[in-house]
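Novice: Provided herewith is a single structure, encoded as structure tokens, for subsequent inquiry.
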Number of protein chains: 2
Amino acid sequence: MAQMSDNVGVRKRVVILGGGFGGINAAMRLGNLPVDVTLVDRRNHHTFQPLLYQVALAVLSPGEIAQPIRSILRDYQNIEVLMDEAVGFDIAQQHVKFKTGAEIEYDYLIVATGSTHSYFGRDDWAKLAPGLKTVEDATEIRRRVLLAFELAERQMQEVGSHPPLNFVIIGGGPTGVELAGAISDIAKLYMTKDFRHIDPKMAQVLILEGSPHILGAYPEDLQAKALDQLRDLGINVRTHAKVTDVQPGYVMLGDERIDAVVTLWAAGVQASPLGKLLGFETDRRGCVLVDAHLNPPGHPEIFICGDLAHVEQDGKQVPGVAQPAMQMGAYAARRIARLVAADFGSDGSGINAPFHYFDKGDMATIGRKAAVANIKWPFKGHWSGFPAWFVWLVVHIFFLIGFRNRMAVFRQWAWTYLTFNDGVRLITGSQELPGWANQDGSQRPLDLGSPNT
Amino acid sequence: MAQMSDNVGVRKRVVILGGGFGGINAAMRLGNLPVDVTLVDRRNHHTFQPLLYQVALAVLSPGEIAQPIRSILRDYQNIEVLMDEAVGFDIAQQHVKFKTGAEIEYDYLIVATGSTHSYFGRDDWAKLAPGLKTVEDATEIRRRVLLAFELAERQMQEVGSHPPLNFVIIGGGPTGVELAGAISDIAKLYMTKDFRHIDPKMAQVLILEGSPHILGAYPEDLQAKALDQLRDLGINVRTHAKVTDVQPGYVMLGDERIDAVVTLWAAGVQASPLGKLLGFETDRRGCVLVDAHLNPPGHPEIFICGDLAHVEQDGKQVPGVAQPAMQMGAYAARRIARLVAADFGSDGSGINAPFHYFDKGDMATIGRKAAVANIKWPFKGHWSGFPAWFVWLVVHIFFLIGFRNRMAVFRQWAWTYLTFNDGVRLITGSQELPGWANQDGSQRPLDLGSPNT
């Protein structure tokens, strides 16, 4: 190996697009191997998305779940990080093109740029119902939720009444369920002592799910348990509820109008546009169809990882969550390492092993003491309630990247859990305070628009 | 006292405008006294401004130095917090007017809305050279400084050269000196292992001070010491340097052009516009001239505290920093308590004691191991270097509000100091990555504009 890495002339260049779970795991596996790696991301930090909803609801700070990509990879001398935006490819010449006009050549390419919100063609809804993908999304949701309580309190002080505090979450997948539980917690546990005029406990949280079931990917018994746990928290759930319009202050289900001080989007995702730009066949979400080696057909030098990859296993699509992304990243790195070793005369053993998603199960929290967990490894079991929540806690601290963040999150959770007091309820961003009255003096619905992003 | 507080009909209403050091200290002193207090701020949080520069340079997180005003005051049942923006007064009727059109009546009014940046009439400079007053300012400065290094690295990777990393700070007061030291630290200590193509140590920091001396409020020997310590860090200082124009990528000193990747503003402040709206005489910065009781002439029911007050003592104006603001807030609260007690037949002892600023001294850090301290209490002394820095550290942890924040900041400092590694170097906010080339392909200066605020 030492000999190979001295042999600079033949070192292969691996370009990784995306610093999410797929990209970071690929890079870490390639660290200190005899290849040159360039990891490219538009952002300077990796975000631990499974805990993003806790930033949105003011339990954690952005710095506790996001970490600069350079810091994560600083000790691997063969990896460089480039903050730039890829905008296209020259597949034949093996080039990636950037927004600046620059191009980088690759021997192997890993595309792991993930997914973004899909508003099903109604991009005008994005400002009215923010989704949760980035740190900025999280602080914007935090701003809206906290501001709703502040403005209701203000209205009570100034005119003696306020519109009902209705929080509507569109989408009943894990993100929707976790956001709902967290909003309920913040209203019922943490904010009760803060206000003099309103009762934060009166806040209503409603999940609107278009399909017949929330948590569609979970077994039926856990769906039912989740529904029970949501109802215990006073959260309303409506299934078969297809939102037809989103407006400031309300959403429409066909002819039915549902008032909403804050509307959040947890309904649809679509693949990063880079998927389509590669020029290979994609599914209806824009995910690239790949073979058992995560390669698009005929291109063994290109790997698609994470949410951007459409991988079928046991007749089902591998879901777009953290675990498969991490495993795909690691697989791509391992395969590249073997291909490179084979060039140097390795026997190529295991080189053709296909990607296999090792499914350890799924978990979603529901507030601060309950969860559902569909555990598949190291044992099988459907857990719910407090035990599931505790397992969730341990797993998420374990998978956070970086000792410092692990400690910080653990301390913050312990503090919050013990004191019912959390200290990151900052409203930052847009400094314009919305009014409560129309020109004629009548009250109007709160409009918390003008997001940061 | 118990009898008085039962006597609800005659309870006086105190309205406090501003949740900075003056307002918060006034409110805390009035907590649980027989008065009704309403504290009004446009923002939901109190910001510990002396440590804001550490957020700007990615040592601390916003949540560690800012705390929701409601949380600080939650245990005082006689205090309510209103998130709103005062826009005027009816002094005769004793009303405060809000942007919403609502009005609140007061028996006593404390105006402590502080100060903001002054660009000396050139408000167009604000976007080009952000100042440091709010959490948003700090994250915007953080974005620009970190992005400058990222874009230089990108340019090296893509075209093999980059413009020099020149950071220019306009203003050599404590904020300018602390920002300069912190940028130098981040470049020379924390980022060296992160980049492969640029050498962050090559960053140049320049302070431009219009007057003959930096740290104008400090004794001459400490000014000289500060200059030495800045030079030890490789920071350039130019005095008599009056900036005549600020443009993207450079500033002008008369005919001399000085290139600047990032320009920061630490030069001038002006009083909050509410000072002028009160209608009393103000000085040229907009600070309200007050008497020995902090009252504008003829209005014993109105108190002006903090940066907004023009108070003379020993022939000099009391400076607009944290200590006097805290003392003024406490004084106003004490005097109101005595006036209220006198209404109930107290002997009025001490009621006419004038405000006296008890000056314990001033401190400014210069990087992570040095500082200057002009200590006046509990002993007199001019300290510099490491001992001054250590005193600074202890004092700032002590004065931070809230046990949780104190612990968090202490831990973060210890971690940073021991490991040279800090984990909050997040670039958030504007997601547009500036390019490095003009249309004709020539390189252009980095333009890091489009701030969040």
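Novice: Just the residues that are of a type in the set (A, V, I, L, M) and over 18 Å from A:V59 (Cβ atoms), please, taken from segment A:124-148.
Specialist: Matches in segment A:124-148: A:A126, A:L128, A:A129.
Novice: Right, next: Scan segment A:127-142 residue by residue and report those that are of a type outside the set (A, V, I, L, M) and either crowded, with 23+ Cβ neighbours inside 10 Å or more than 10 Å from chain B (Cβ to nearest Cβ) (or both). Step through it out loud before you land on a result.
Specialist: First pass over segment A:127-142, keeping only residues of a type outside the set (A, V, I, L, M): A:127, A:130-131, A:133-134, A:136-137, A:139-140, A:142.
Listed by number, the residues that qualify are A:K127, A:P130, A:G131, A:K133, A:D137, A:T139, A:E140, A:R142.
Novice: Let me ask something else. Kindly indicate which of A:T192, A:T282 is of a type outside the set (G, A, S), surrounded by fewer than 23 Cβ atoms within 10 Å (Cβ to Cβ), in contact with a helix residue (DSSP H, G or I) (Cβ under 9 Å, 6 or more places away or on another chain) and within 30 Å of A:G22 (Cα to Cα). Can you show your working first?
Specialist: Values: A:T192 fails: within 30 Å of A:G22 (Cα to Cα).
Sole residue among the options that is of a type outside the set (G, A, S), surrounded by fewer than 23 Cβ atoms within 10 Å (Cβ to Cβ), in contact with a helix residue (DSSP H, G or I) (Cβ under 9 Å, 6 or more places away or on another chain) and within 30 Å of A:G22 (Cα to Cα): A:T282.
Novice: Determine whether A:I110 is aliphatic (A, V, I, L, M), closer than 27 Å to A:R334 by Cβ and crowded, with 20+ Cβ neighbours inside 10 Å.
Specialist: yes
Novice: Any residue at all in segment A:43-63 that's buried (at least 24 other Cβ atoms within 10 Å of the Cβ) and closer than 20 Å to A:Y106 by Cα?
Specialist: no
Novice: Going by the conditions given, is A:V251 buried (at least 22 other Cβ atoms within 10 Å of the Cβ) and either assigned to a helix (DSSP H, G or I) or in contact (Cβ under 8 Å) with a residue 24 or more places away in the chain (or both)?
Specialist: Values: buried (at least 22 other Cβ atoms within 10 Å of the Cβ): yes; either assigned to a helix (DSSP H, G or I) or in contact (Cβ under 8 Å) with a residue 24 or more places away in the chain (or both): yes.
Against the criterion (buried (at least 22 other Cβ atoms within 10 Å of the Cβ) and either assigned to a helix (DSSP H, G or I) or in contact (Cβ under 8 Å) with a residue 24 or more places away in the chain (or both)), A:V251 qualifies.
Novice: Specify the residue that is modelled with the lowest pLDDT; the eligible residues are those in segment B:188-213 that are over 16 Å from B:L264 (Cα atoms) and in contact with a strand residue (DSSP E or B) (Cβ under 8 Å, 6 or more places away or on another chain).
Specialist: Taking the candidates together, the pick is B:D194.
Novice: Filter segment A:185-210 down to residues that are more than 26 Å from A:E158 (Cα to Cα) and outside any loop (DSSP other than H, G, I, E, B), then give me how many there are. Give the steps one after another, and end with the answer.
Specialist: So the first thing to find is which residues in segment A:185-210 are more than 26 Å from A:E158 (Cα to Cα), and the list is A:185, A:206-210.
After this cut, where a residue has to be outside any loop (DSSP other than H, G, I, E, B) as well, the list is A:185, A:206-208.
Matching residues across segment A:185-210 total 4.
Novice: Tell me which residues, restricted to segment A:222-238, are assigned to a loop (DSSP other than H, G, I, E, B) and surrounded by 15 or more Cβ atoms within 10 Å (Cβ to Cβ).
Specialist: Within segment A:222-238, A:L233, A:I235 meet the criteria.
Novice: Quick one: A:I72 ticks every box in (1) part of a helix (DSSP H, G or I); (2) more than 16 Å from the chain's Cα centre (by Cα); (3) within 30 Å of B:R43 (Cβ to Cβ) except a single one, so which number is it?
Specialist: Unmet for A:I72, out of (1) part of a helix (DSSP H, G or I); (2) more than 16 Å from the chain's Cα centre (by Cα); (3) within 30 Å of B:R43 (Cβ to Cβ): (3).
Novice: Just checking, how many residues over segment B:103-120 are at the interface with another protein chain (Cβ under 10 Å from one of its Cβ atoms) and either hydrophobic (A, V, I, L, M, F, W, C) or in a helix (DSSP H, G or I) (or both)?
Specialist: Adding up the residues that qualify gives 1.
Novice: Name the residues in segment B:374-405 that are within 14 Å of chain A (Cβ to nearest Cβ) and in contact (Cβ under 8 Å) with a residue 24 or more places away in the chain, would you?
Specialist: B:L400, B:I401, B:G402, B:N405
Novice: Further question: Check segment A:40-55 and report whether any residue there is modelled with pLDDT of 95 or more, over 30 Å from A:Y190 (Cα atoms), in a strand (DSSP E or B) and within 14 Å of another protein chain (Cβ to nearest Cβ).
Specialist: yes
Novice: State which residue is nearest to B:V96 (Cα to Cα) when the search covers only segment B:11-24 and only residues that are in contact (Cβ under 8 Å) with a residue 60 or more places away in the chain and surrounded by fewer than 24 Cβ atoms within 10 Å (Cβ to Cβ).
Specialist: B:V15
Novice: Here is a further query. Which is modelled with pLDDT under 95, assigned by TED's automatic domain parsing to the domain that holds A:N25 and under 29 Å from A:K188 (Cβ atoms), of A:V394, A:V321?
Specialist: Result: A:V321 is the single residue among A:V394, A:V321 that is modelled with pLDDT under 95, assigned by TED's automatic domain parsing to the domain that holds A:N25 and under 29 Å from A:K188 (Cβ atoms).
Novice: Sticking with this one: Report yes if some residue within segment A:290-311 is part of a strand (DSSP E or B) and farther than 29 Å from A:G361 by Cα; otherwise report no.
Specialist: No, segment A:290-311 contains no residue that is part of a strand (DSSP E or B) and farther than 29 Å from A:G361 by Cα.
Novice: Something else: So which residues in segment A:197-221 are crowded, with 18+ Cβ neighbours inside 10 Å and either aromatic (F, W, Y) or over 24 Å from the mean Cα position of the chain (by Cα) (or both)?
Specialist: A:I198, A:P200, A:A203, A:Q204, A:Y218
Novice: Working only within segment A:78-102, note down all residues that are outside any strand (DSSP E or B), at pLDDT 95 or above and farther than 17 Å from A:G19 by Cα.
Specialist: A:I91, A:A92, A:Q93, A:Q94
Novice: For segment A:21-39, name all the residues that are within 14 Å of chain B (Cβ to nearest Cβ) and either at positive phi or part of a loop (DSSP other than H, G, I, E, B) (or both).
Specialist: A:G31
Novice: Further question on the same structure: Can you find a residue in segment A:161-173 that is assigned to a loop (DSSP other than H, G, I, E, B), modelled with pLDDT of 95 or more and surrounded by fewer than 18 Cβ atoms within 10 Å (Cβ to Cβ)?
Specialist: Checked against the condition, which is being assigned to a loop (DSSP other than H, G, I, E, B), modelled with pLDDT of 95 or more and surrounded by fewer than 18 Cβ atoms within 10 Å (Cβ to Cβ), segment A:161-173 yields no hits at all.
Novice: Take segment B:56-70 and flag every residue that is of a type in the set (G, A, S) and within 10 Å of chain A (Cβ to nearest Cβ).
Specialist: B:A58, B:S61, B:G63, B:A66, listed by residue number.
Novice: Okay, moving on. Which numbered condition trips up A:Q93, out of (1) more than 8 Å from chain B (Cβ to nearest Cβ); (2) of a type in the set (S, T, N, Q); (3) buried (at least 23 other Cβ atoms within 10 Å of the Cβ)?
Specialist: Going through the list (1) more than 8 Å from chain B (Cβ to nearest Cβ); (2) of a type in the set (S, T, N, Q); (3) buried (at least 23 other Cβ atoms within 10 Å of the Cβ), A:Q93 breaks only (3).
Novice: Checking the structure you have, find out if any residue of segment A:426-439 is within 11 Å of chain B (Cβ to nearest Cβ), assigned to a helix (DSSP H, G or I) and at pLDDT below 85.
Specialist: no
Novice: Kindly list the number of the only condition in (1) at pLDDT 95 or above; (2) on the phi > 0 side of the Ramachandran plot that fails for B:L278.
Specialist: (2)
Novice: Also, I was wondering about something else. Of all residues in segment A:302-316, which are more than 29 Å from A:G121 (Cα to Cα) and buried (at least 18 other Cβ atoms within 10 Å of the Cβ)?
Specialist: A:I302
Novice: Could you identify the single residue in A:G279, A:G275 that is within 24 Å of the chain's Cα centre (by Cα) and more than 30 Å from A:Q155 (Cβ to Cβ)? First the steps, then the outcome.
Specialist: Details: A:G279 fails: within 24 Å of the chain's Cα centre (by Cα).
Of the residues listed, the single one that is within 24 Å of the chain's Cα centre (by Cα) and more than 30 Å from A:Q155 (Cβ to Cβ) is A:G275.
The values are calculated or read from the model by the stated rules, or taken from the named source; none is laboratory data. What you see is a predicted model; the values in this text were computed from it and never measured. In this analysis, Cβ positions are derived from the backbone assuming ideal geometry, glycine residues included, and neighbour counts consider all displayed protein chains.
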